[in-house]
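The values are calculated or read from the model by the stated rules, or taken from the named source; none is laboratory data. Just so we're clear, the structure is a prediction, and the values are computed from it rather than from any experiment. Using ideal geometry, Cβ is built from the backbone for each residue, glycine included, and neighbour counts are taken over all protein chains shown.
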Amino acid sequence: MPHSYGIRARTRHMFARNFREHGMPIKLTTYLKTYKVGDIVDIKANGAIHKGMPHKFYHGRTGIIYNVTKSAVGIIINKKGGNR
């Protein structure tokens, strides 16, 4: 049986929640935090929220905010592209 190449393949431990943190309730302060252009942020996906989840490559990466909108923030991350 061939292994899968899905969007969340090989993320069993990466997106798993810790013990006593299972379930949906997320603190409201997570969503009410204000971000400004130039802030340095860490990308940490929550496994309980599927909508808007970043790709597994970006989980744990650090970037700089360059764009802030009502529903999202844009983050610059340097990603090496093979031998380019």
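Among the residues that make up segment 43-66, is at least one of them surrounded by fewer than 10 Cβ atoms within 10 Å (Cβ to Cβ), assigned to a loop (DSSP other than H, G, I, E, B) and over 12 Å from the mean Cα position of the chain (by Cα)?
No, segment 43-66 contains no residue that is surrounded by fewer than 10 Cβ atoms within 10 Å (Cβ to Cβ), assigned to a loop (DSSP other than H, G, I, E, B) and over 12 Å from the mean Cα position of the chain (by Cα).
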Next on the checklist: Report every pair of residues separated by at least 6 positions or lying on different chains whose Cβ atoms are under 7 Å apart, first residue within segment 1-25 and closer than 16 Å to His59 by Cα, second part of a loop (DSSP other than H, G, I, E, B) and among the small types (Gly, Ala, Ser).
Outcome noted: Phe15/Ala45; Phe15/Gly47; Ala16/Gly47; Arg17/Gly47; Arg17/Ala48
Checklist entry - Looking at Gly23, Gly38, Gly6, Gly82, which one is loosely packed, with under 10 Cβ neighbours inside 10 Å, in a loop (DSSP other than H, G, I, E, B), at pLDDT 95 or above and not charged (D, E, K, R)? => result Gly38
